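Shown next, in structure tokens, is the structure this report addresses.
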Amino acid sequence: MESQLPGNRLTYRPEIDGLRALAVVSVILYHAGTLVPGGYVGVDIFFVISGYLIASIVIRGKEWDTFRLTEFWERRLRRLFPAWLAMIVVTTGPALFLLIPEHLKEYGESILSQPAITANFHFWERSGYFEPESGWQPLLHTWSLAVEEQFYLFFPLILPPLLSRGRRLAIVVTALFGMASFALCLYTTGREPEFAFYLLPTRIWELNFGVLLALAPGLAARFGPKMRELLGSAGLLLIGAALVFFGPDTPFPGSAALLPCLGTALVILANTQGLTRTGRWLAAPPFVAIGRISYPLYLWHWPCLALLTYACIDDAPLWAVCLMVTLSFLLAWLTYQWIEKPVRDRRFLATPKSLILAAGAGVVAVVAVGLLFSRSGGLPGRFPELGRFGIDEILRPKVATIEQWEQKGGPPRLGDLTATGPGILVWGDSHALSLTRLFDELGKTHRVKVTVAAMAGVAPVVGAYPAGRGADELVHAPKVIELVRTERFRDVILVAKWPMYLTGRSGGELDRILRDVEERSDEPAEAIKVFLRHFPATLETLRSLGCRVTVMEAVPQQPHRVPEALARIAIRGETSDALAWSAGIHRERDRPENEVVAQGTAVTGAGLLDPLPLLTNDAGVVPMIREGKALYLDRDHLSPYGSMLLAPLFEELFRAAGAGE
């Protein structure tokens with residue numbers, strides 16, 4: 001990621017530092033607010049730059065017969081490790097003070113992924129629907145560093161042998177790898193978006209944009225000055241279009257990532273033979289100054305903003321956000337001047353041996369801290385007050401989802417496993433999973449076997465699928481219908497986070513709104529049409545198989561994630577009701593989606609249950625705690641304790657099922 005290293009003899013290009021500045025400032029503005037809705041593409045700009053510079057270093061070293069793999073990796077270590085270690089050490093202090101035990105445990109696990117260069121795998125694996133929301137995690141941004149570092153590991157092993165056989169072969173192989181990666185990226189963005197976002201195989205094509213530029217240095221000479229001016233301006237316009245017109249709901253990376261990547265490549269290409277107007281603008285001293293500290297600035301900005309948001313729970317005030325951004329710049333400058341440059345220029349840790357010993361000691365210390373946090377459960381003794389809320393250890397259901405039935409030997413069974421009657425089927429998404437304790441207890445009390453058919457993030461509707469997951473999800477609902485046909489359940493209960501599938505309102509999750517083979521629009525109005533086209537038909541299918549069908553409206557969503565909110569209550573002595581909403585607010589907020597669910601249910605004669613009254617206290621508020629216990633796991637998934645408050649909703653249904661009525 002650096003443009004001039006001792007011995008590599010690369011010509012310094014100030015406009016590339018300007019591109020770095022554009023990239024890092026875009027990312028910061030995106031994370032700090034909504035000023036740059038597509039600011040996350042700054043990472044893609046970095047990928048292209050890294051591919052270009054690293055390939056240029058390898059190619060120049062190969063041409064001059066000065067390339068040594070160990071020296072290359074040593075320079076990478078000098079460039080990246082010291083600033084990274086400083087960020088980890090400093091971030092751990094406020095994390096230890098602020099994070100509740102469950103989150104400090106997660107933080108410890110994310111620390112452990114850092115030395116192994118697997119942070120992208122760590123966050124990919126934890127991007128599942130039932131995992132904690134990732135926005136609070138201080139090391140989330142290191143996923144992109146892991147992608148680049150993985151590239152640094154294998155790329156210098158592949159390129160030199162290819163160059164030995166001719167540059168043309170190197171270009172062909174790089175292009176083929178890039179096309180395969182891009183094809184995989186297109187395929188997975190709609191089907192496995194987390195895979196596409198976090199992992200190197202779907203990102204290597206972006207790095208290869210830069211590699212191809214480095215492999216074809218004479219390409220720029222084919223264009224005259226006017227054409228290079230046009231290419232530079234076009235590249236900057238493409239980047240600007242991505243920054244302005246992309247947003248959190250843009251399927252990404254996919255084909256959308258072409259804009260910032262192609263734009264960056266065009267800017268680099270246009271300025272290879274000399275600076276264009278675009279290049280001179282990017283080479284302006286303020287941009288170059290920011291570009292030089294872009295790596296530590298990227299390292300520092302996210303922990304500062306993430307921990308601020310965590311501490312505030314609500315949106316942080318503008319003055320606090322500005323303060324954290326300013327602090328990020330200050331820390332970045334200090335890190336660059338006093339840590340990164342001295343180590344990189346060999347004024348400190350001058351020999352490879354001293355560098356390796358220092359890095360080894362740093363890794364041991366980091367691993368020790370990560371193990372302490374993760375193995376201790378997040379040091380729960382720091383906040384003894386949380387024990388009274390019942391969230392010192394957040395429980396999650398451990399039952400198999402629909403896609404795991406085959407490997408787990410069938411759907412999970414709860415309640416009275418010795419019961420001989422047809423039993424009850426609970427079908428839904430993660431909201432159904434969060435009620436497993438309730439259904440298990442009711443089943444045991446009334447001697448009813450309960451079968452759970454649940455798939456996080458997938459609505460219990462035949463013929464419809466979440467927009468962000470692709471039509472592959474259509475296979476799950478037919479499995480459930482076949483299970484009903486085989487086992488002849490007497491009752492089926494449908495539980496889901498309905499607003500998410502209808503409007504995406506409950507968190508802006510437009511990738512979850514419903515589609516079908518006829519309607520592929522991302523508009524909520526079309527999702528409602530899809531729901532009303534398939535949901536009544538699903539209920540009728542169940543009824544035709546002899547089932548009594550009951551639908552539960554969505555659980556009211558809290559305005560804050562409950563664990564963090566209760567941590568603030570414990571630490572600051574605030575009251576939980578001050579952070580909660582009244583039942584009236586919930587009723588009005590959920591009315592549009594509840595009316596759609598009621599409309600889809602009424603035409604079939606299925607039962608409809610409303611959980612809101614049972615979750616409302618005497619003051620007319622939907623509280624976060626009751627009798628000293630947390631009711632929610634996050635914003636909308638009930639805790640095991642909270643789920644038991646809904647027992648009266650299902651008591652008669654289970655009694656009748658147990659009595660064979």
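Identify all residues within the range 516-537 that are touching a Ser or Thr at 6+ places or on another chain (Cβ under 6 Å) and modelled with pLDDT under 85; write none if there are none. Within the range 516-537, Pro524 is the sole residue that qualifies. Applying the condition of being buried (at least 17 other Cβ atoms within 10 Å of the Cβ) and among the charged types (D, E, K, R) to the range 147-176 and asking which residue is farthest from the chain's Cα centre (by Cα) yields Glu149.
Residues in the range 622-661 that are over 31 Å from the mean Cα position of the chain (by Cα), in a helix (DSSP H, G or I) and of a type outside the set (Lys, Arg): Ala647, Pro648, Leu649, Phe650, Glu651, Glu652, Leu653, Phe654, Ala656, Ala657, Gly658. Within the range 608-621, the only residue that satisfies the criterion of being in a strand (DSSP E or B) and modelled with pLDDT under 95 is Val621. Residue count for the range 174-226, restricted to those that are of a type in the set (Lys, Arg) and modelled with pLDDT of 95 or more: 2.
Considering Arg505, Arg512, the condition of being surrounded by 24 or more Cβ atoms within 10 Å (Cβ to Cβ), in contact with a helix residue (DSSP H, G or I) (Cβ under 6 Å, 6 or more places away or on another chain) and either of a type in the set (Asp, Glu) or at pLDDT below 95 (or both) is satisfied by Arg512 alone.
Among the listed residues Val597, Val562, which satisfies the condition of being at pLDDT below 95, β-branched (Val, Ile, Thr) and at negative phi? On inspection, the qualifying residue turns out to be Val562.
Picking from residues in the range 233-271 that are surrounded by fewer than 22 Cβ atoms within 10 Å (Cβ to Cβ) and polar (S, T, N, Q), the one that is modelled with the lowest pLDDT is Thr250.
In the range 538-552 there is at least one residue matching the filter, namely being at pLDDT 90 or above, more than 28 Å from Leu631 (Cα to Cα) and acidic (Asp, Glu). Of all residues in the range 337-374, those satisfying the criterion of being surrounded by 14 or more Cβ atoms within 10 Å (Cβ to Cβ) and farther than 14 Å from Arg78 by Cβ are Val363, Val366, Val367, Val369, Gly370, Leu371, Leu372, Phe373, Ser374. Residues in the range 272-300 that are in contact (Cβ under 8 Å) with a residue 60 or more places away in the chain, surrounded by 17 or more Cβ atoms within 10 Å (Cβ to Cβ) and outside any helix (DSSP H, G or I): Leu275, Ala283.
Restricting the first member to the range 441-469 and to residues that are within 30 Å of Tyr187 (Cα to Cα) and in the same structural domain as Thr541 (by TED's automatic domain parsing), and the second to residues that are assigned to a helix (DSSP H, G or I) and acidic (Asp, Glu), the beta-carbon pairs closer than 6 Å and six or more apart or on different chains are Val458/Glu473; Tyr465/Glu473; Ala467/Asp511; Gly468/Asp511. Being assigned to a helix (DSSP H, G or I) and of a type in the set (Ser, Thr, Tyr) is the filter; apply it to the range 19-43 and report the residue that is nearest to the chain's Cα centre (by Cα). It comes out as Tyr40.
The values are calculated or read from the model by the stated rules, or taken from the named source; none is laboratory data. What you are looking at is a predicted structure, and each value in this text was computed from that prediction instead of being measured. Reconstructed Cβ throughout: ideal geometry from the backbone, glycine too, with neighbour counts over all protein chains shown.
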